[in-house]
Structures are given as structure tokens and as C-alpha cells.
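As C-alpha cells, the structure follows; a few thoughts come after it.
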Amino acid sequence: MTAPVFRFAPSPNGELHLGHALSALTNRRMADRTGGRMLLRIEDIDLTRCTPEYEAGIYRDLAWLGIAWEEPVRRQSEHFGEYEAALERLKRDGLVYPAFMSRGEIRAAIVEHEASGRNWPRDPDGAPLYPGTDKSLSDRERNRRIDAGSPFAWRLDTGAALARLGRPLAWSEWSDETLVDKTEVDADPQQWGDVVVARREIPTSYHLSVVVDDAIQGVTHVVRGRDLYFATSVQRLLQEMLGLPAPTYFHHRLVLGPDGRKLSKSLRHTGLRELREAGETAEGVMRLVGS
């Protein structure tokens, strides 16, 4: 029987905080309980914000918490070719389109729509959905704009992808850390509209790279925060379109800040390095996150 494969996948664009500690500790504990493997993945596709200093901090903080992982560590910035290959498949299948609308044009479309008394649809995070008017452009016009250097992003044509699938979409969700019971959750990727799957300068996005990585690394159990629960719908659709296996998911509780919202890397008082330098112990951090 193949051992379960877990992964902790932070982005080196800031210091790890208590929320990251909970996620890493939960993955490690569940891997130990099931005799599974624990992988560490560095999600550094954002080359402008991710730095070697923050990456080194991730290794230092996890070691301080007593968390071990397998080597080598997969760094996304070293695998753009694999993501580009997945993007090319989506292009060949007619499931993505170049989206040229600027933020100003998007705002103008929303204002015009809402002036008629109708609310503009928003995704689960509260952001307005992309208008999608670019889908009506001819191939000739798309190529003309691309050749002219117009800024654009590749967006998933969610409606076309669901039509191609032709059946209901769901994912398997563990009910708790014991991994005894799981349920089938109905996926609804349309609530996200046409999400970005790649940009002109970077041939991938979070959604695309994470499903490719999980498949390549053989991840069987995706354990992450509840804030990514609804994003699973988009990732399940991409897995189906790319013929990739679907892991089973568990979305754990979040560590909330004083304002009742999830922690951010900008909240320095929750950073693991700051806590360590203030004299906190790894055992104290585990108590703070209830792990």
C-alpha cells in the first residue's frame, strides 16, 4: 500500500506567522499518524515579492518548530516549463483566452452595470468577477493585440470547461484530522468566474501551478487552511481539464487575529521569527495555535 503524501507549501514573500505554524504542524502530525510522507514546497512564482531571505526564514522557522520534511524541496520558480506545458494544453483545447481589460476598464464596466440597479457578481473573497468581454474577440484581433505588446492575462473559460466536463464536479473532504470520515463536496467553480491561470510574463498562476505540482509530487492529502476551501472548486476543474488526479482535502481551522480576521504576514506580532526572538519557545507556539 502506497504511503499518503502530505505537503506544506508556503510562499517566501514574508515571514511565517502562527497560521503557517498551525498548517505545518497539522500536516506533520497527520503524516506521522498515517505513516505518510511530508513534503515541503516553496511557492515562489511571484518573482517580484519572493526573496531568498524569506525562503531561508521558512527553513529556519520550520526547523525551530521541530518539523522535518523530505529533500529535495520543490521550488516552483525552477519548473515554469512544466506549468507552461499545462497552459499549452488548455490553449489547444480552447479553454483559455487572453484577457486584455485593464483595472480601469473593469471598474468602468462594473459602474455601468450597477448604475442600472443590478449588483455585479463577486467571488467568495469579495472581488468582482471578470467581465469576460474578451471572449468575443476574433483570433485575428487577439493576435494583433498580443503582437502589439498589449498587457494581458490568460483566463480560464470556466463555462467552456464545465461544458466540456459535462457532469457535476465534486471533491472529497475529510471531516477531521483522524481521516476516518469524508464527504463529497459539490464544486462550483463558476462562483469564481474566469480566473487567471497565467500571465504574459509568468506562464502560470497559483491555481495552475498548485494542481500541476500536486500531481507531479504524488500528493494524496492536501491539508491547508479554511481560507482556501472555496478555491478547491477551481482546482478540481483544472485537474479534470488536464487529466490530473484529485487528492483528498482537509481544510483546517484558521488562527485569527485580534480583529477576528485571518492572520496576515503584515501582522508582525504573530511572526514566528519575532516570537522566537522575544523568547517564545516552539512548545509555546504549539500552545498558542492549539496544536
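Annotation: of all residues in region 233-260 being farther than 15 Å from S23 by Cβ and in contact with a Lys or Arg (Cβ under 9 Å, 6 or more places away or on another chain), the one that is surrounded by the most Cβ atoms within 10 Å (Cβ to Cβ) is M241.
Among residues of region 157-168 that are free of Cβ contacts under 8 Å to residues at least 60 places away in the same chain, those with a beta-carbon under 7 Å from a residue that is among the charged types (D, E, K, R) at least six positions away or on a different chain give the pairs P168/D186.
Of the residues D134, D61, D93, the single one that is modelled with pLDDT of 95 or more and closer than 27 Å to Q191 by Cα is D93.
Every listed requirement among (1) surrounded by fewer than 20 Cβ atoms within 10 Å (Cβ to Cβ); (2) within 27 Å of E240 (Cβ to Cβ); (3) not assigned by TED's automatic domain parsing to the domain that holds R145 is met by A68 save one, (2). The residue that is farthest from the chain's Cα centre (by Cα), among those in region 212-235 that are assigned to a helix (DSSP H, G or I) and free of Cβ contacts under 8 Å to residues at least 40 places away in the same chain, is A215. Has region 74-92 got any residue that is over 30 Å from G149 (Cβ atoms) and in the same structural domain as M286 (by TED's automatic domain parsing)? Looking through region 74-92, at least one residue is over 30 Å from G149 (Cβ atoms) and in the same structural domain as M286 (by TED's automatic domain parsing).
The values are calculated or read from the model by the stated rules, or taken from the named source; none is laboratory data. As the structure is a computational prediction, the values presented were derived from the model and not from experiment. Cβ coordinates were reconstructed from backbone atoms using ideal geometry, including for glycine residues, and neighbour counts include every protein chain displayed.
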